[in-house]
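The values are calculated or read from the model by the stated rules, or taken from the named source; none is laboratory data. Because the structure is a prediction, the values reported are computed rather than measured. So basically every Cβ, Gly included, is an ideal-geometry build from the backbone, and we count neighbours across all protein chains shown.
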Amino acid sequence: MNKNDEVEYCNLELRFDRQHIQDLIKDLIKEGYSLYWSENETVFLISVRTGRKLVKLRFQRIKEGYKLVGDYMIRDARLAEWMEKLIGDTRGHAVVKRFRDRQIIIENILFGEVIRLVEISGYQQRVLYQKGPVLSDQELTKLFYSNYGEERILDRRLAVDEQLDRLNEAMRSRDAEAAAACTARLQQLARELAALEW
């Protein structure tokens, strides 16, 4: 990215816990950024100074922790690289628009991976990369806002809790056969969870 380039991050879906946000603050300070943060019942706000600009990262409090929300226009190359690493590390979703000269490059990122890359020059639009079958804009939007993956993960976690309860009962009653069945099912659920969360 050139220093004159602008990068806009839209439709962000990045999830964090409190420790992760504290680590992000430490990372930004190590990178030499001047920043401050504040918090209330609904939002954790980190304000990062980049030259004369102030980028305010808003982390909305949700049941499982925090979610980075909002759209961000960033001109600082190091901060843009940091943001992209963050999207990849959290396996998040985003639409990234890179503005350079008279051209826009748009990346659709799903689970930390670019699934579509489009170049727009004037009135012309060209798909540079498309992972898998070509999806319409409506299908992409539906996929971005779908909770199907999260629901499957939650379902498997509930199944793990249920199997742990059964294993505990089997061990208390010294039922080796039931304990072995629970252990086998737990191993299967662990593999499924690893595949879903990867």
With respect to Ile109, determine if the residue is free of Cβ contacts under 8 Å to residues at least 24 places away in the same chain and in contact with a helix residue (DSSP H, G or I) (Cβ under 7 Å, 6 or more places away or on another chain).
yes
In the range 111-126, is there at least one residue being over 14 Å from Leu12 (Cα atoms), surrounded by 15 or more Cβ atoms within 10 Å (Cβ to Cβ) and basic (Lys, Arg)?
yes
Looking only at strands (runs of 3 or more DSSP E) that lie completely in the range 1-94, which have at least 1 residues being among the polar types (S, T, N, Q)?
6-16, 34-39, 43-50, 53-62
Subset of the range 124-152 [at pLDDT 75 or above and either outside any strand (DSSP E or B) or β-branched (Val, Ile, Thr) (or both)]:
Val127, Lys131
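For the range 9-63: of the residues being of a type in the set (Asp, Glu) and within 22 Å of Ile109 (Cα to Cα), which is surrounded by the most Cβ atoms within 10 Å (Cβ to Cβ)? Break it down stepwise before answering.
First, pick out the residues of the range 9-63 that are of a type in the set (Asp, Glu): 13, 17, 23, 27, 31, 39, 41.
Checking which are within 22 Å of Ile109 (Cα to Cα) leaves us with 13, 17.
Numbers: Glu13: 17, Asp17: 11.
Checked the range 9-63; the qualifying residue surrounded by the most Cβ atoms within 10 Å (Cβ to Cβ) is Glu13.
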